[in-house]
Amino acid sequence: GQNIDQPTEMTATEGAIVQINCTYQTSGFNGLFWYQQHAGEAPTFLSYNVLDGLEEKGRFSSFLSRSKGYSYLLLKELQMKDSASYLCAAPVSGTYKYIFGKGTRLKVLA
Amino acid sequence: GAVVSQHPSWVICKSGTSVKIECRSLDFQATTMFWYRQFPKQSLMLMATSNEGSKATYEQGVEKDKFLINHASLTLSTLTVTSAHPEDSSFYICSAVRDSEGYTFGSGTRLTVV
């Protein structure tokens, strides 16, 4: 079967760094996505990893280890507007259907 | 970038009535669109894959006669929730794949059945 696990909630302070972990089990691997979702809104794309290593994009970076079935999203210089849910998602092999994790609700405190 | 428009953003309907949600790709042709449902504090769960010009493919446990999907053109897919009940209240969201960034999501529809 296919499964994606990530922590339910995290809290961090404005200006700090936070790492949100995601572990996955998939049949086949077509990459891993991270999305940001504010309450009541659609998810927005943050990153896509298909090769091992770190992808950096401004304040956000994403890491992938295919051998460990593990990814993390790193958010630096946290801002209040970063308070949101962060979703880890993986395509079902051979399709465009995605399996989503339950999302990690990040609360940034002043 | 790719834009997917979804309407309405929110709707309140009476129990037993039907509600239609539209998902339109504005600047690209989408032969395949996906309909997801999200309950509060839960993950997005795929309901069905909408295929232009053919029948939708429903995920296990999703009633095809209750959630009618029509994909009559390359830019429009509709989801109709028939005989809606309070337990159908949820956030419905469509998506389409255009490029290497994966899904482009519609803005979502908050359905409340009273």
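The values are calculated or read from the model by the stated rules, or taken from the named source; none is laboratory data. Here the structure is a predicted model, which is why all the values come from computation and not from measurement. Don't worry about glycine lacking a Cβ; one is built from the backbone with ideal geometry, like all the others, and counts go over all protein chains shown. Keep in mind that these areas ignore ligands, DNA and RNA; they rest on the heavy atoms of the full protein, side chains included. Shrake-Rupley method; radii C 1.70, N 1.55, O 1.52, S 1.80 Å.
So which strands (runs of 3 or more DSSP E) are wholly in segment B:1-88 and hold at least 1 residues that are among the acidic types (Asp, Glu)? Strands (runs of 3 or more DSSP E) meeting the threshold: B:19-25. Screening B:Gln29, B:Gln6 for residues that are in contact with a Gly (Cβ under 8 Å, 6 or more places away or on another chain) and either in contact (Cβ under 8 Å) with a residue 40 or more places away in the chain or away from chain A (no Cβ under 14 Å) (or both) leaves exactly one candidate, B:Gln6.
Counting the residues of segment B:98-114 that are touching a residue at least 12 places away in the same chain (Cβ under 8 Å) and either open to solvent by less than 40 Å² (accessible area, probe 1.4 Å) or away from chain A (no Cβ under 14 Å) (or both) gives 9.
Going by what's in this entry, would A:Lys102 be described as touching a residue at least 40 places away in the same chain (Cβ under 8 Å), open to solvent by 30 Å² or more (accessible area, probe 1.4 Å) and farther than 20 Å from B:Leu44 by Cβ?
Details: touching a residue at least 40 places away in the same chain (Cβ under 8 Å): yes; open to solvent by 30 Å² or more (accessible area, probe 1.4 Å): yes; farther than 20 Å from B:Leu44 by Cβ: no.
The answer is no for A:Lys102.
In the set (1) hydrophobic (A, V, I, L, M, F, W, C); (2) surrounded by 15 or more Cβ atoms within 10 Å (Cβ to Cβ); (3) away from chain A (no Cβ under 14 Å), B:Leu74 fails one condition alone, (2).
Which ones in segment A:53-96 are within 14 Å of chain B (Cβ to nearest Cβ), crowded, with 20+ Cβ neighbours inside 10 Å and of a type outside the set (Ser, Thr, Tyr)? Residues satisfying the conditions are A:Ala84, A:Leu87, A:Cys88, A:Ala89, A:Ala90, A:Pro91. Could you tell me whether B:Ser50 is within 14 Å of chain A (Cβ to nearest Cβ), within 19 Å of A:Lys102 (Cα to Cα) and open to solvent by less than 50 Å² (accessible area, probe 1.4 Å)? So B:Ser50 fails the test.
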